[in-house]
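The structure appears below as structure tokens.
The values are calculated or read from the model by the stated rules, or taken from the named source; none is laboratory data. Keep in mind that what you see is a predicted model, and the values were worked out from it rather than measured. Neighbour counts run over all protein chains shown; Cβ positions are idealised from the backbone, glycine included. When the accessible area is computed, the model is the full protein with side chains, heavy atoms only, and any ligands, DNA or RNA have been set aside. Shrake-Rupley method; radii C 1.70, N 1.55, O 1.52, S 1.80 Å.
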Amino acid sequence: MIKLALLRHGHTPWNRAGRIQGRTDIALDDDARAQLGGLQLPSQWQDAELWSSPLKRAYDTAELVAGRAPLTDAALTEMDWGKWEGQHGKDLRADRSSGFKDIEDWGWDFAPRGGENVGALRDRLLPWANGLTTDTVAVCHIGVMRVFMAHATGWNFAGPAPFQIKRNRLFVIHIDQNQWTAQPDPVRLIERTA
């Protein structure tokens with residue numbers, strides 16, 4: 001059995017402004033860098049293989065909390081939000097012509113206008129995860145994490161999610177011969193000791 005621990009990247013100026021980032025390569029803000037610099041992976045994860053999305057916000061988060069450079073893979077890149085990228089979710093929700101839907105109404109076939117279908121995101125993520133050969137930490141994005149967690153819990157993007165993705169926590173998935181289960185409680189990052 002392989003354990004995959006997912007960690008969401010730290011805050012960026014766009015996160016704080018409520019803008020949809022997708023594949024736009026926005027760096028961490030100064031507050032996030034300072035906070036993450038004071039945290040580290042729990043001891044049981046410090047020697048795990050370390051991967052991240054190639055986008056700066058994920059790569060830098062991985063380097064800050066692990067004290068080493070991660071490997072990167074394009075499979076871990078955030079979902080393509082198409083024409084919604086850079087926009088505010090609240091504005092899209094208010095504009096009935098935008099096609100915006102809340103996540104609990106997506107289903108696997110949903111795609112933002114001009115963006116990536118949720119099922120296509122799953123199709124690029126699963127081969128990467130199923131190819132892991134050792135316990136791994138992957139620093140990525142909320143869209144990527146939602147797809148991984150949905151696959152592990154059986155949630156189909158219909159109705160409320162059975163998980164809530166928060167920052168500075170590892171969401172652990174157990175992968176056993178392509179059988180996935182999610183550990184019920186996330187593991188918090190710890191204060192840096194050295």
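Could you grab me the full set of residues in the stretch 168-191 that are at pLDDT below 95 and either closer than 13 Å to Met149 by Cβ or touching a Leu at 6+ places or on another chain (Cβ under 6 Å) (or both)? Steps first, answer last, please.
Start the filter on the stretch 168-191 by keeping residues that are at pLDDT below 95, which leaves 176-179, 184.
Across the stretch 168-191, the qualifying residue is only Pro184.
The set of residues in the stretch 88-133 that are open to solvent by 40 Å² or more (accessible area, probe 1.4 Å), free of Cβ contacts under 8 Å to residues at least 12 places away in the same chain and under 26 Å from Ala152 (Cβ atoms) comprises Lys101, Asp102, Asp109, Asn117, Ala120, Asp123, Gly131. The set of residues in the stretch 1-57 being in contact (Cβ under 8 Å) with a residue 60 or more places away in the chain, touching a Phe, Trp or Tyr at 6+ places or on another chain (Cβ under 8 Å) and more than 20 Å from Glu191 (Cβ to Cβ) consists of Leu4, Leu6, Ile20, Gln21, Gly22, Arg23, Thr24, Ser52, Ser53.
Looking across the stretch 1-44, the residues that are of a type in the set (Val, Ile, Thr) and either out of contact with any Asp or Glu (no Cβ under 8 Å at 6 or more places or on another chain) or surrounded by fewer than 19 Cβ atoms within 10 Å (Cβ to Cβ) (or both) come down to Ile2, Thr24, Ile26.
None of Ala69, Ala129, Ala150, Ala138 is small (Gly, Ala, Ser), closer than 30 Å to Asp47 by Cβ and part of a loop (DSSP other than H, G, I, E, B) except Ala69.
Yes/no per residue for (1) small (Gly, Ala, Ser); (2) closer than 14 Å to Trp180 by Cβ:
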{"residue": "Lys101", "(1), (2)": "no, no"}
{"residue": "Glu104", "(1), (2)": "no, no"}
{"residue": "Gly107", "(1), (2)": "yes, no"}
{"residue": "Val118", "(1), (2)": "no, no"}
{"residue": "Thr136", "(1), (2)": "no, yes"}
{"residue": "Met149", "(1), (2)": "no, yes"}
{"residue": "Gly154", "(1), (2)": "yes, yes"}
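Within the stretch 147-172, residues that are closer than 13 Å to Leu4 by Cβ sit with their Cβ atoms under 7 Å from residues that are at pLDDT 95 or above and in a loop (DSSP other than H, G, I, E, B), at 6+ positions apart or across chains, in these pairs: Met149/Phe163; Leu170/Pro186; Phe171/Ile165; Phe171/Pro186; Val172/Gln183. Just one of the listed residues (Glu85, Glu49) is of a type in the set (Asp, Glu), open to solvent by less than 50 Å² (accessible area, probe 1.4 Å) and within 25 Å of Trp128 (Cβ to Cβ), and it is Glu85.
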